[in-house]
Amino acid sequence: MTREDHQPTNRQIERPKREVGELHRVCGSSVGIVLAFDESTTPLIVNFEDPDEEPIVCAPVEDGMSVGDGKPVARPVQMYKGKPAVCWAVDAMRASQMTAVFVVTSPALSTAVSHAVYGTKRKGGGSNVQVVEIDRHALVERTRLGANFEMFGLPFGMLELARGLADSLFEGYDNVVILESDAVRITPGHLYELCLDAMEHPEVEAVPSWIECLRRSPFLFTRDFLHGLEERGIAAVGPNGFDRPVPLVKTRDHVFGDELLAPSPAEHPVASAFLDECTIGALEALRLARAAENGEGDGGESADAVGSPAAIGTDAAGGSMSDADRELVAIAQGILHAREANGDRNADLVWADEFGRRCKLDFPLLNDRWHKGKLAYLDSAATCQRVDVSLQAQRDFDEHANANVYRGGYELSKRATDEFGRARRRIEEFIGSDEQRIAFTANTTGAANLVAQAWGEWNIGEGDLIVIPLAEHHSNMLPFTMLAERKRAEVEFVPYGPDGRLDQQAFSAALERRPKLVCAALVGNVFGIVEPVREMAKAAHEVGARFLVDAAQALSHMKLDVKDLGADWVTMSGHKGYGPFGIGALWIGDEAFDEMDPLGGGGGVVTHVGVGSYRLRPRALQYEMGTPPISQAIAWAAACDYLDGLGMDAVARHDCALTRYLVRGLHMLDGVNVVGDHDRADGQVGLVSFTVRDVLPAELAAFAGRLGVDMRSGGHCALPLHASVGLIGTGRISFGVHTTSDDIDAALVAIEACRRAYER
Ligand code: PLP
């Protein structure tokens, strides 16, 4: 779609331009816009004839309900802090000295909104607040935007409206605020889109800012507006009870998308000076803190609270320490003390530590001379470290059995074919599959795309529905949104609750629309929560849908039984299960197999080719085009042996003990907000996302990395989810079997040091 397609064509968008122009002359250069289209999803109703009456819960108003013959009638309005949200928004704008405020609303709602804003029943201007009616339905007809913006929960056509307003209003104004009513739920994602357009107006300071209200944050603000609020000591408040000053983000530089979210600590003078001064890392700081406790070296005083400074003059080796080193050790002491006071070292943790310590010996990278004792690797969700037996198996094959499979009559090729076949069988057994049901792919993403093409091309048509949870990894979302685009099908994105669990009611409602396909992850890569996919697959099958499970994050943490999941396809990557890069698998159920057709031909796909005829390789193997990833399969099979040797029950027990230890630790730190409910009893898979006050996720990861703690930051390829909850990204810690409580405490040291540095 070209930019021209986005140009507002509705003459009703033209109207505010003139009015804002007039107000500009009168009022100066600040403009606020409140979008109030509450009739779509509003759960509350207010009787404006008697404003004192308590709001009552009601069903959403039917589309097209008339306003009544001039009389103010009961209208749905979102309430916020005890008053209609629109009033709160206007008051907040006035408090921040917005000089002109527009309330943009639908005709059906404008009487009610005017009343709420002015306290009278009249419509229109006369003050610095102006109510502007926009006919949403007319806009909807004109807009060509659809599925891709609905993924953020935006009612159809709203973005077009916002773009239109931006284009017509921004020019000539230094400071534009757009607030949204709860029901409209314009998220940073939309505003980012809007920003891209607004960039063409250099005088505009863009719109979105980082407001960490989880889910349903009612309002979004510009930087200047937030500065105004902060100066007045007003904090941004989210419905999760979060109440603290909002970290301000320079929206021009740090918008959405991982690359744009990568400011380096070098840009922050205090953080960068601190890191330059550090000669030790976080693990070393922990060791020195312990040594000081035991009276070794010049330990000095102990700290009482997390990170209260201790006088530590020398390191354990007697070398002199910098102030930054001393602060790091003091923070470590504080953490160790707090752990002791909380009784965090229980029997489960002692067992998990012993397990982790033993496993660590199996990972060459964690034991080499650069990393041993210096690196806390906490990004296993992105890629597991390579285990020695897997490396060795690949090397053995490469050195002693390297040949192509299937085709050679000579001994080496026969051996390669046998080893490859055994590796396939081993991987199938590991995931509970029958023979020849997995096709090797490049990775999970390749497996999802294979389904979108080999099944989707033949089975999805115009008007069909695909259902995808909003938290899915882009890999499990884009192949199917692209398929929907190609086929003019529709995608419905299912939202999440503030506890980080899929909204099962919304999921059931989506199934009532009888989708053709449902795609969901067994474990999400942001919340780290195990979803009830078995029940979801059953429900999807009952309405005739096919069901795809993304098992990428489950593979290394739980016993996977693909048949028991009841899905039609299961996708996974070798490198998420301690195997190598370059290999993944698509497990294909029998019924789905019958509905698929190979994507392409070539060697690997066929057992025989005649002139104008061919015979396909059996079952899933017909999806492996060309030479398969032979040594990778052998290495992955060895990693499966390793995990089975440890026992998946033991792996899960280790995950569970350490996840609890991590979550308790994060709760202990000031300014850290864990995303999702990790106090629950089930499904602790060693993956926790969080935010840190005043620090961008990328700043945190870069800072921690300099202290030898490797953790993830950004949108984790789940930008729609982050946008929907008003976050530009999160930090994420994820475990492997080699993780110990020291790795976790080192992460806490790094996070605490980082927050302090950025706060100074
Ligand atoms: N699905 C989930 C849940 C993931 O976490 C990831 C990677 O992080 C993927 C899919 C994509 O995996 P790959 O890059 O190996 O295709």
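Does the range 362-377 contain at least one residue that is within 31 Å of the chain's Cα centre (by Cα), in contact (Cβ under 8 Å) with a residue 24 or more places away in the chain and within 16 Å of the ligand (Cβ to nearest atom)? Yes; the residues of the range 362-377 include at least one that is within 31 Å of the chain's Cα centre (by Cα), in contact (Cβ under 8 Å) with a residue 24 or more places away in the chain and within 16 Å of the ligand (Cβ to nearest atom). What's the total number of residues in the range 460-479 that are surrounded by 21 or more Cβ atoms within 10 Å (Cβ to Cβ), outside any loop (DSSP other than H, G, I, E, B) and within 13 Å of the ligand (Cβ to nearest atom)? Qualifying residue count for the region: 5. ALA423 versus (1) open to solvent by less than 60 Å² (accessible area, probe 1.4 Å); (2) touching a Gly at 6+ places or on another chain (Cβ under 9 Å): which is the lone unmet condition? Single failed check for ALA423: (2).
Applying the criterion of being within 14 Å of the ligand (Cβ to nearest atom) and assigned to a loop (DSSP other than H, G, I, E, B) to the residues of the range 571-614, the residue that is surrounded by the most Cβ atoms within 10 Å (Cβ to Cβ) is GLY579.
Could you pull out the residue among GLY456, GLY432 that is away from the ligand (no atom under 16 Å from the Cβ) and closer than 18 Å to MET572 by Cβ? On inspection, the qualifying residue turns out to be GLY432. Within the range 521-548, the set of residues being of a type in the set (A, V, I, L, M, F, W, C), touching a helix residue (DSSP H, G or I) at 6+ places or on another chain (Cβ under 9 Å) and more than 10 Å from the ligand (Cβ to nearest atom) comprises PHE527, VAL533, MET536, ALA537, ALA539, ALA540, VAL543, ALA545, PHE547, LEU548.
The single condition among (1) open to solvent by less than 30 Å² (accessible area, probe 1.4 Å); (2) modelled with pLDDT under 95 that CYS359 does not satisfy is (2).
The one condition from (1) touching a residue at least 12 places away in the same chain (Cβ under 8 Å); (2) over 22 Å from LEU336 (Cα atoms); (3) open to solvent by 50 Å² or more (accessible area, probe 1.4 Å) that GLY645 does not meet is (1). With respect to the stated conditions, ARG486 fails to be among the basic types (Lys, Arg) and in contact (Cβ under 8 Å) with a residue 40 or more places away in the chain. Filtering the range 489-500 to residues that are more than 15 Å from the ligand (Cβ to nearest atom), open to solvent by less than 40 Å² (accessible area, probe 1.4 Å) and in contact (Cβ under 8 Å) with a residue 40 or more places away in the chain leaves VAL491, PHE493, PRO495, GLY497. Remark: ALA289 matches the filter, which requires a residue to be modelled with pLDDT of 90 or more, assigned to a helix (DSSP H, G or I) and surrounded by 14 or more Cβ atoms within 10 Å (Cβ to Cβ). Tally up the residues in the range 435-453 that are more than 9 Å from the ligand (Cβ to nearest atom), in a helix (DSSP H, G or I) and either of a type in the set (A, V, I, L, M) or at pLDDT below 95 (or both), please. So the count comes out to 3. For the range 426-444, indicate whether the set of residues that are buried (at least 20 other Cβ atoms within 10 Å of the Cβ), out of contact with any strand residue (DSSP E or B) (no Cβ under 9 Å at 6 or more places or on another chain) and within 23 Å of LYS563 (Cβ to Cβ) is non-empty. Scanning the range 426-444, I find at least one residue that is buried (at least 20 other Cβ atoms within 10 Å of the Cβ), out of contact with any strand residue (DSSP E or B) (no Cβ under 9 Å at 6 or more places or on another chain) and within 23 Å of LYS563 (Cβ to Cβ), so the answer is yes.
Quick check on the range 515-565: of everything there that is in a strand (DSSP E or B) and among the small types (Gly, Ala, Ser), which residue is surrounded by the fewest Cβ atoms within 10 Å (Cβ to Cβ)?
Looking at residues that are in a strand (DSSP E or B) and among the small types (Gly, Ala, Ser), I get ALA520.
Matching residues to (1) charged (D, E, K, R); (2) free of Cβ contacts under 8 Å to residues at least 40 places away in the same chain; (3) under 30 Å from ASP550 (Cα atoms); (4) out of contact with any Cys (no Cβ under 8 Å at 6 or more places or on another chain):
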{"residue": "VAL405", "(1), (2), (3), (4)": "no, no, yes, yes"}
{"residue": "LEU412", "(1), (2), (3), (4)": "no, yes, no, yes"}
{"residue": "ARG415", "(1), (2), (3), (4)": "yes, yes, no, yes"}
{"residue": "ASP418", "(1), (2), (3), (4)": "yes, yes, yes, yes"}
{"residue": "ILE427", "(1), (2), (3), (4)": "no, no, yes, no"}
{"residue": "GLY432", "(1), (2), (3), (4)": "no, no, yes, yes"}
{"residue": "ILE438", "(1), (2), (3), (4)": "no, no, yes, yes"}
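One residue is enough: does the range 688-702 have a residue meeting the conditions closer than 20 Å to ASP499 by Cβ and among the aliphatic types (A, V, I, L, M)? Yes, the conditions are met somewhere in the range 688-702.
Residues in the range 406-416 include none that are within 16 Å of the ligand (Cβ to nearest atom), open to solvent by less than 70 Å² (accessible area, probe 1.4 Å) and not in a loop (DSSP other than H, G, I, E, B).
The values are calculated or read from the model by the stated rules, or taken from the named source; none is laboratory data. Since the model is a prediction, treat every value here as computed from it, not as a measurement. FYI the Cβ positions are ideal-geometry reconstructions off the backbone, even for glycines, and counts take in every protein chain you see. Quick note on the areas: whole protein, heavy atoms, side chains included, nothing else; ligands and nucleic acids left out. Shrake-Rupley method; radii C 1.70, N 1.55, O 1.52, S 1.80 Å.
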